[in-house]
Each structure stands twice: as C-alpha cells, then as structure tokens.
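Derivation of every value follows stated rules applied to the coordinates shown; laboratory data play no part. Since the model is a prediction, treat every value here as computed from it, not as a measurement. Because the Cβ atoms are built from the backbone with ideal geometry, glycine has one as well, and the counts that use them run over all protein chains shown.
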Amino acid sequence: MTHHAVAAGSYDLTGGPVWHLRALWRRSHIWKPFRSHIENFLGTWPVRERELLLVGPSAGWCLPENFLRGFSIIHAMDPDPFAALLFRLHHPHARIGAWHRADFFLEGDDFLNRHPGAAVLFCNMLGQRRYVNYDISSVEEELRIIKTRLRGRNWASFHDLLSGKGEATSEVKELKTCLEQATLLSSLDLSGEWLDHLSGDVLPRHQPRQIIPWQFAKGRVHLVEAGYVSS
Ligand SMILES: C[S@@+](CC[C@H](N)C(=O)[O-])C[C@H]1O[C@@H](n2cnc3c(N)ncnc32)[C@H](O)[C@@H]1O
C-alpha cells in the first residue's frame, strides 16, 4: 500500500467548478452504475428520521431523488460556493432548510447540535480529507473519531477507500466486517499501486459494509466503502 503525497490542499480538489463540469457529463455515462449502486445502498439504510443532514453533498450529482424526497427537511454543509445553487437546480423537489457553506471538521459539532434528531449522511467526502490536510496521522485521527462524534445518531457514509488504475467490475462486494486492505484488493483480483484514502477506520470495525466500484474515469477506479450505524 502506498501513501502517495498529494498536491496542495484545497477544497477545489474535492469539489468546485471542475468537479461540477465533470459530474454533469459523467453522471449519465461512466458514473451511471455507481449512482445506481449508491441508490441501492441508501435503500438498505433504515431511516425513521424525517430530518436529514447532508455533509459534503455537492450538487447531489450521485444522490437519488427518491431518497431525498423521503425527508420532510434536509440541511446541508459544504464549503463549495456553487454547491447550494446547483443542488437546488438539480433536486428541485428536495425540501432544503439551512445550507451552511462551511467545513464539517471545523463547524460540524455546531451543525450536529442544532439538529439533534436528524439522521446524518456523509456524501463521499471523508475519503478526500487527505487532499486538504497533509498530515496523515491527523487525518486518520479526524476520521477515526467521527463515530464518537456521531454516537447516539443514525448515520451513514460512503467514502473513497482506495483508488488506482484499472477498470471497475460491476459487482458490489458485501463484507460482514472490516477487511485488511491488502486482503480486500486480492479478493477483488486487484494489484499494483493504490492510493489509501485513510478512511479505513471511519466505520466501526465489526459493522457490515459494501465495497462499491466507481469507474471514476477511463482507466481510473475508486473503491468506495459504504455503511451505516443505526443507533
Ligand atoms: C466528491 S464531492 C461529493 C459528491 C456528492 N456525493 C454528489 O453526489 O455530487 C465531495 C464534496 O465534499 C465537500 N467537502 C469536502 N470537504 C468537506 C468538509 N470538510 N466539510 C463539508 N464538505 C466538504 C466538497 O466541497 C465537495 O462538494
């Protein structure tokens, strides 16, 4: 496993205009299978709450409309200046309440405390933390303690776990518990160099999860881990 150094820290690497243009085009083509895997995963998440917090939803390019319509109110937090407007255009039927242009790692606790009865969904942003914070052990710690910050909540996350060169299989891998990354890669018949997104300790180790293949671009694949903790 290689911990690649990544270039300068900026939210532009995890969102922003390039992300939106890419998503606009790829969502109906190369990302279509991934979007349907995410829809299936969200369908397995038992949510009784009528209020939802979205963390890092961007414009919701990969979020299913039907899932969002199930909530009577949705609040969101994303530092991307374009996200709120594009989300509203893309999901006109989602009932959006407050939209905070802010960083969850700085202002997340306030956000959570303001909505104590809401379910929480991390929308493919935790695995990108290393693009913004270069201190590997500090990122691992930030991600490891998410489950403590969310204690008592119903929460779910899908996040980049590993990424590298290759073509995605169409299969989602169901895991009963956490698997060592090297074991996971060999069970998927994958080898070579993979970027570790440092998110292997986001979900409690005993929690079942899915490994969802995401063909991000031609020749580039992300393995996205998806799971929930229903309290
Ligand atoms: C890969 S995009 C998410 C895409 C989203 N799942 C979709 O369906 O379009 C990651 C998003 O997370 C946001 N983000 C990154 N770091 C964040 C943080 N610390 N707090 C909140 N949002 C963050 C970025 O601005 C970006 O919009």
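Across the chain, the mean sequence separation of Cα contacts (distance under 8 Å, 6 or more residues apart), normalised by length, yields a relative contact order of 23 percent. Sequence-ordered 3J(HN,Hα) estimates for the stretch 209-225 from the Karplus curve with 6.51, -1.76 and 1.60 and θ = phi - 60° stand at 7, 10, 10, 9, x, 10, 6, 6, 8, 4, x, 10, 10, 10, 9, 9, 8 Hz, glycine and proline given as x. Looking at the chain alone, DSSP beta bridges between its own residues are antiparallel in about 60 percent of cases.
Karplus-derived 3J(HN,Hα) values for the stretch 105-120, using 6.51 cos²θ - 1.76 cosθ + 1.60 with θ = phi - 60°, are 6, 9, 10, x, 5, 4, 4, 5, 5, 5, 10, x, x, 8, 6, 10 Hz; glycine and proline are entered as x.
Please report, in debye to the nearest 20, how large the charge dipole of the stretch 11-229 is about its Cα centre when each Lys and Arg carries +1 at its beta carbon and each Asp and Glu carries -1 there. In total the dipole reaches around 700 debye.
Ranked by the mean number of other Cβ atoms within 10 Å per residue, highest first, peptides 23-35, 147-159 order as 147-159, 23-35. With a cap of 14 neighbouring Cβ atoms within 10 Å, and only residues DSSP puts in a loop, list the GluC sites (Glu not before Pro) found in the stretch 90-181. Within the stretch 90-181, the qualifying GluC sites (Glu not before Pro) (loop, at most 14 other Cβ atoms within 10 Å) are E167, E171, E180.
Ranking H93, L161, I212 by Cα position along the charge dipole of the chain, where only Lys, Arg, Asp and Glu carry charges on their C-beta atoms, puts H93 farthest toward the positive end. The simple Förster model, with R0 at 30 Å and r as the Cβ-Cβ distance, assigns D103 and E49 a FRET efficiency of 0.80.
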